[in-house]
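A.B. asks: What follows is a structure written as structure tokens; I'll ask about it next.
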Amino acid sequence: MPRYAYAPLSVEESGRRSKRTTSADELVHQRMPMCAGICVLLAIVYVLSRTGGDHHLALIGAGPATVAGPDGACDLGLLRAQALEKSPPHIIECAAATAGASQSACHLPRPERYEALKQKGATLWMTGCSGAGKTTIATALEDKLVKLYGKHTYRLDGDNIRTGLNRDLGFSESDRAESVRRVGEMATLFSDAGTITLVGLISPYRGDRDAVRRRHEEQGIPFYEVFLDVPVDELKKRDPKGQYARVESGELKHFTCIDDPYEEPLYPEIRLKTHELKIEESVEILFRRLQQDGVLDGAPKLNPPGLPNPDGDRAVDLHVPASLKKQKTEEAATLPKVLITDVELNWLQVIGEGWAAPLRGFMREGTLLETLHFNSILVDPFNLTDNVLRHETKTDFTQFTETQPPRRVSMSVPITLSCTEYTKQAIENSGKDAVALVTQMGQTVAILRRPEIYANRKEEIVTRMFGAIDRGHPYIKFLYSGGPYLIGGEVELLDRIRYNDGLDKWRKTSSELMEEFKQKGADTVFAFQTRNPTHAGHAYLMKSAGQDLVRQGFKKPVLWLSPLGGWTKSDDVPLDVRVRQHEEVLRAGTSHPGGLDPSTTVMAIWPSPMVYAGPTEVQFHAKSRRSAGASYFVVGRDPAGLKGSMEAVAHKDDDLYDGDHGRYVLQMSPGIGGMKMLSFTKVMYDIRDNTMKVPDANRMDDFISISGTKMRALAAQGAVPCAEHDIPTDLLGANCVPRGFMVPDGWKGVVEYYQNAENAERWVPWSRPRVEPLTSSTTETTGVFGLTSFALKHTEYKSMWHDIPMIPDGAEEYVVNFVTEIPMYVTAKMELIKDVSGNPIQQDKNKDGSPRYYTYGTPFFNYGFIPQTWEDPTLISAQGNGGDNDPLDVMEVGFEPLPMGSTRPCRVLGSLELIDEGETDHKVICISLTDKDQSRIHSMYDLERVKPGTVDRLIHWLKFYKTSDGKGENMLARDTPTTQYEAMQVIKETNSRWKMLCEGTTTNTDGFWLAGEKCQA
């Protein structure tokens, strides 16, 4: 049975007409005492007003009043009209309101009230003929709002109004007007108090309804005129109590919509043809309108109708305004530097562009604890409990506010920034209350304010986040690679984060996406995350989801095709392969089963890294899409998971997380708000019509399964399209792919990748910045900076090692030539290659062949070598260590980065003797003669005087810079630098050893390229 049924005629109509009609004489007799009393009162008021009596009484009705009707009887309607005409719009009753001002000055501000109630007030004024369904629909809507959503709702109709507030009113035109006015005033007060007020009155006269509308508009309260538009013939068919039949028989007279007028609304906000709709459908229309307009949320509506507010009800965009960019950039240059890895750069983009709203920076310790233990955080965006800045204030474990913040928002994944002891000391010794965030390529991208440094409790984070410790898990491995400390604080992005990888046009901020949804006229948005190429099965699910939303009543649901763009594990499909394939899906449109309609689809890369945390992570996936405008999130089996741990005991060969757990947890997660999940099931390929769909159980022989494993194998084999009507059961054996499985040009791109996957530098695996290096104008480069293909050569010298002189022409004492390998702030480990023709400067490699980077922090020095020097392994130091077989290393301590490959005259100040894995590795300390401070620095003593703490920082770096890679502490032959003279003796000795190398008088060449002109001279 249906849950609701249309109610009988309302008390308003059925109660107003009885079989016996009251005569005019009886009506006068009933009301005469009241009229006489009012006339006497008016006479007294008149006398007082003429004799200087209390002027407040005159407000009721100053001067003579005519209250008699044509027949001499007291006309209450006329009396009310005259009294209302003379009433002031406001009665001042509190000191906070000035003369003539609204009493709202004495009330709790409406935004605070609404935020505390978690809803706004609004009036739905349902008008229409008797039997149209006003009471029935209002009752069902009230039931849904109160029981399912916990919203404060109250219904006003003839049942509860005419038995109390309006019991003194009849059904004359003036009494009907007064009834509407009183209910309108009550609805205004109720709605002002934050109640969703449902009014069900026939209210037949347009002017009366318009007056109520104006009253709401004056008060700034949403008013929805809901016209239940049902033909009279239909009402006569319904007629559950036979009232319309009695009208037809002449038993009832002056019945509204029959022989009394009903003035239809001209421009109602909502028109319900209830004879064409189920009750639940009418309720859903009203509910969705309230939802779209933000009435069901307490916060002000920030986004277009139908699109949700970001989490925390505050739009987050942390880019520095263009007018302040120069000022902030100059400030950043003066701040201590904090290294952020490329993964942390992804997280910085997530924060700065509003994807993790309301987060405004890397998590402070308190915020991290809430995230780990509750998968959510408490917020107070309107400062109702004095907690508005709790996530932007240093964590205090001794002081707590009396009341918890009122709002819980989803936040399931830790977003943290790690640092080493080196960086921690630099911040604490700087005296600054901010730090500059610098990428691995040396770019300063943001300022972090009021840094909070706290312990990086890796086991606690990993076990709470993943439920297990598995050092083989790719993101757990990343977490353990971080330093022993975390830095929390709010960030300011100095510029838009760009990756220059050919995909930036698909990277849109959350506010840009919101604008694009608005331009497409979206009344709701559903997001579909991809980490693989999109085949026709995915397209079927996305199309089906859109069709389902249309059936629910949405007019223009827009699909957000949302490829994950941040860090992914090494065997995932590269980002550029996925995006290019998605482009073909959109280009195909509706012409192919695997295509998507570009008019109702928006593609935008989601910038977050993938952390493979299963049910925990998928909550963040959904929440982040909500912050950019999505109300629905399509979720399937095993979201955000991966294969089981190598250390597993109970489920060795199973997935780490059960395939159904993610979507279940997502539906029940705290703080997810009004976001809905669209769950999908397995689809298969139908060989009858060459489409993907949910299989028909009655003809399973017509369906074939194409798993991800099979798809990858087919692509690696270079599979071609199968015949249209003769699809083999063994696709791998036939080496063909069904024509409807994927758009043809998209399939070509997938095949190209899987047949060339080993060429790693050809692809863009995830969002990593591609930066043009700072290089000398006398050099030329090949390959991509930051990748192992990168190399730099000099355009004037065959070899920078052999052909650039050690001492500049005409140089003063203690001045040598310094060639920059690694500019200041850059962590990409570059070094001169001794056994390659021309001795280029190339990207150093780890043992696994990956590019090597410093991870200990941002270098505050330029690093390079002195040409025509060589530390001979056969030259044994006093400690018993041979040279490291490289040119002599230099740490230049000026104030700015020097271009890679540049040669600068550099004043030697001293040196440090590093013992690195049993080898002697001298580090000469110098300052470039082009530096602004060089005239003041001629020795190590001067260096400490001009730049205090520099020597200690150099020593600390040399001892500990490898510890962040899991290696041991380095040793120094002594903990103080040598003098200039001693350093020059080392330089001269290594120069003489270089000459021996070139002359061939030593056997330790190791295949070095020695064909430089000066080496052969």
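A.B. asks: Quick one: which strands (runs of 3 or more DSSP E) sit completely within the stretch 872-990 and have at least 3 residues that are polar (S, T, N, Q)? Quick ask: steps written out before the conclusion?
C.D. replies: On the way: elements: 888-892, 903-916, 919-928.
Correct list: empty, since no element meets the threshold.
A.B. asks: Return yes or no: is residue 353 farther than 28 Å from residue 111 by Cα and at pLDDT 95 or above? Outline the logic, then answer.
C.D. replies: Details: farther than 28 Å from residue 111 by Cα: no; at pLDDT 95 or above: yes.
Considered against the rule, which asks whether it is farther than 28 Å from residue 111 by Cα and at pLDDT 95 or above, residue 353 comes out as no.
A.B. asks: Can you go through 837, 799 and tell me which one is more than 30 Å from residue 963 (Cβ to Cβ), of a type outside the set (A, V, I, L, M, F, W, C) and open to solvent by less than 10 Å² (accessible area, probe 1.4 Å)?
C.D. replies: Values: 837 fails: open to solvent by less than 10 Å² (accessible area, probe 1.4 Å).
799 is the lone residue from the list that is more than 30 Å from residue 963 (Cβ to Cβ), of a type outside the set (A, V, I, L, M, F, W, C) and open to solvent by less than 10 Å² (accessible area, probe 1.4 Å).
A.B. asks: Show me the strands (runs of 3 or more DSSP E) found entirely inside the stretch 516-633 where at least 1 residues are closer than 30 Å to residue 644 by Cβ and of a type in the set (Ser, Thr, Tyr).
C.D. replies: The qualifying strands (runs of 3 or more DSSP E) are 524-530, 557-563.
A.B. asks: How many residues are farther than 23 Å from residue 412 by Cβ and surrounded by fewer than 24 Cβ atoms within 10 Å (Cβ to Cβ) when one looks only at the stretch 583-630? I'd like the intermediate steps shown before the answer.
C.D. replies: If we filter the stretch 583-630 for residues that are farther than 23 Å from residue 412 by Cβ, which is where we start, we get 583-603.
Next, only the ones that are surrounded by fewer than 24 Cβ atoms within 10 Å (Cβ to Cβ) stay: 583-584, 586-592, 595, 597-603.
The qualifying residues number 17.
A.B. asks: Exactly one condition in (1) of a type in the set (S, T, N, Q); (2) outside any loop (DSSP other than H, G, I, E, B); (3) at pLDDT 95 or above; (4) more than 30 Å from residue 1015 (Cβ to Cβ) is false for residue 767; which is it?
C.D. replies: (2)
A.B. asks: Separate question: Name the single residue, out of those in the stretch 983-1017 being hydroxyl-bearing (Ser, Thr, Tyr) and in contact with a helix residue (DSSP H, G or I) (Cβ under 8 Å, 6 or more places away or on another chain), that is surrounded by the most Cβ atoms within 10 Å (Cβ to Cβ).
C.D. replies: If we filter the stretch 983-1017 for residues that are hydroxyl-bearing (Ser, Thr, Tyr), which is where we start, we get 990, 992, 1001-1003, 1005.
With the extra rule that they be in contact with a helix residue (DSSP H, G or I) (Cβ under 8 Å, 6 or more places away or on another chain), the set shrinks to 1002, 1005.
Working: 1002: 16, 1005: 14.
Among residues in the stretch 983-1017 that are hydroxyl-bearing (Ser, Thr, Tyr) and in contact with a helix residue (DSSP H, G or I) (Cβ under 8 Å, 6 or more places away or on another chain), the one surrounded by the most Cβ atoms within 10 Å (Cβ to Cβ) is 1002.
A.B. asks: Oh, and also: Taking the criterion of being open to solvent by less than 30 Å² (accessible area, probe 1.4 Å), among the hydrophobic types (A, V, I, L, M, F, W, C) and at pLDDT 95 or above, would at least one residue in the stretch 805-814 satisfy it? Give the derivation first.
C.D. replies: In the first step, residues of the stretch 805-814 are kept if they are open to solvent by less than 30 Å² (accessible area, probe 1.4 Å); the result is 806, 808.
After this cut, where a residue has to be among the hydrophobic types (A, V, I, L, M, F, W, C) as well, the list is 806.
This time we only want the ones that are at pLDDT 95 or above, so: 806.
Within the stretch 805-814, one or more residues are open to solvent by less than 30 Å² (accessible area, probe 1.4 Å), among the hydrophobic types (A, V, I, L, M, F, W, C) and at pLDDT 95 or above.
A.B. asks: Show the residue pairs meeting these rules: Cβ distance below 9 Å; 6+ apart or different chains; first residue within the stretch 400-427 and touching a residue at least 24 places away in the same chain (Cβ under 8 Å); second residue open to solvent by 40 Å² or more (accessible area, probe 1.4 Å) and charged (D, E, K, R).
C.D. replies: Partner pairs satisfying both residue conditions: 405/390; 406/118; 407/118; 414/464; 422/953; 425/952; 425/953; 426/953.
A.B. asks: Being part of a loop (DSSP other than H, G, I, E, B), among the hydroxyl-bearing types (Ser, Thr, Tyr) and open to solvent by 60 Å² or more (accessible area, probe 1.4 Å) is the requirement here; does residue 262 meet it? Show your work before the answer.
C.D. replies: Working: part of a loop (DSSP other than H, G, I, E, B): yes; among the hydroxyl-bearing types (Ser, Thr, Tyr): yes; open to solvent by 60 Å² or more (accessible area, probe 1.4 Å): no.
Taking the combined requirement at face value, the residue does not satisfy it.
A.B. asks: In the stretch 740-762, is there at least one residue being basic (Lys, Arg), in a loop (DSSP other than H, G, I, E, B) and either open to solvent by 60 Å² or more (accessible area, probe 1.4 Å) or in contact (Cβ under 8 Å) with a residue 12 or more places away in the chain (or both)?
C.D. replies: no
A.B. asks: Can you name the residue in the stretch 479-499 that is aliphatic (A, V, I, L, M) and either free of Cβ contacts under 8 Å to residues at least 40 places away in the same chain or in contact with an Asp or Glu (Cβ under 9 Å, 6 or more places away or on another chain) (or both) and is also most open to solvent (accessible area, probe 1.4 Å) among such residues? Outline the logic, then answer.
C.D. replies: Here is the first cut: in the stretch 479-499, the ones aliphatic (A, V, I, L, M) are 479, 486-487, 491, 493-494, 497.
Add one more test, that the residue is either free of Cβ contacts under 8 Å to residues at least 40 places away in the same chain or in contact with an Asp or Glu (Cβ under 9 Å, 6 or more places away or on another chain) (or both), and what stays is 479, 486-487, 493, 497.
Values: 479: 31, 486: 4, 487: 1, 493: 1, 497: 13 Å².
So, considering only residues that are aliphatic (A, V, I, L, M) and either free of Cβ contacts under 8 Å to residues at least 40 places away in the same chain or in contact with an Asp or Glu (Cβ under 9 Å, 6 or more places away or on another chain) (or both), the one most open to solvent (accessible area, probe 1.4 Å) is 479.
A.B. asks: Look through 290, 318 and report the one residue that is open to solvent by less than 70 Å² (accessible area, probe 1.4 Å), within 27 Å of residue 127 (Cα to Cα) and touching a residue at least 60 places away in the same chain (Cβ under 8 Å).
C.D. replies: Working: 318 fails: within 27 Å of residue 127 (Cα to Cα).
The match here is 290.
A.B. asks: Considering the stretch 185-214 alone, what residues qualify as being over 24 Å from residue 256 (Cβ atoms) and without any contact (Cβ under 8 Å) to a residue 24 or more places away in the chain?
C.D. replies: 189
A.B. asks: Return the total of residues in the stretch 482-514 being modelled with pLDDT under 95 and not in a loop (DSSP other than H, G, I, E, B).
C.D. replies: 5
A.B. asks: Next question. Residues that are within 29 Å of residue 118 (Cα to Cα): which helices (runs of 4 or more DSSP H) entirely in the stretch 315-427 hold 3 or more of them? Show your work before the answer.
C.D. replies: Values: elements: 325-333, 342-352, 365-374.
Qualifying helices (runs of 4 or more DSSP H): 342-352, 365-374.
A.B. asks: Read through the list (1) surrounded by 20 or more Cβ atoms within 10 Å (Cβ to Cβ); (2) within 19 Å of residue 441 (Cα to Cα), then give the number of the only condition that residue 845 fails.
C.D. replies: Of (1) surrounded by 20 or more Cβ atoms within 10 Å (Cβ to Cβ); (2) within 19 Å of residue 441 (Cα to Cα), only one is false for residue 845: (1).
A.B. asks: Exactly one of these conditions fails for residue 409: (1) within 26 Å of residue 108 (Cβ to Cβ); (2) open to solvent by 10 Å² or more (accessible area, probe 1.4 Å). Give me its number.
C.D. replies: (2)
A.B. asks: Among the residues of the stretch 142-198, what is the count of those that are of a type in the set (D, E, K, R) and either outside the structural domain of residue 285 (by the TED database) or farther than 28 Å from residue 285 by Cα (or both)? Give the steps one after another, and end with the answer.
C.D. replies: So in the stretch 142-198, the residues of a type in the set (D, E, K, R) come out as 142-144, 147, 151, 155, 157, 159, 162, 167-168, 173, 175-176, 178, 181-182, 185, 192.
So of that shortlist, the ones also either outside the structural domain of residue 285 (by the TED database) or farther than 28 Å from residue 285 by Cα (or both) come out as 162, 167-168, 173, 175-176, 178.
Residues that pass the stated criteria total 7.
A.B. asks: When the stretch 930-950 is examined, which residues are found to be within 48 Å of the chain's Cα centre (by Cα) and open to solvent by 20 Å² or more (accessible area, probe 1.4 Å)? Step through it out loud before you land on a result.
C.D. replies: We begin by selecting, within the stretch 930-950, every residue within 48 Å of the chain's Cα centre (by Cα); these are 930-934, 943-950.
Residues satisfying the conditions are 930, 932, 934, 944, 945, 946, 947, 948, 949.
The values are calculated or read from the model by the stated rules, or taken from the named source; none is laboratory data. Worth saying up front: this structure is predicted, and the values here are computed from it rather than measured. Don't worry about glycine lacking a Cβ; one is built from the backbone with ideal geometry, like all the others, and counts go over all protein chains shown. These accessible areas exclude ligands, DNA and RNA; they are computed on the full protein's heavy atoms, side chains included. Shrake-Rupley method; radii C 1.70, N 1.55, O 1.52, S 1.80 Å.
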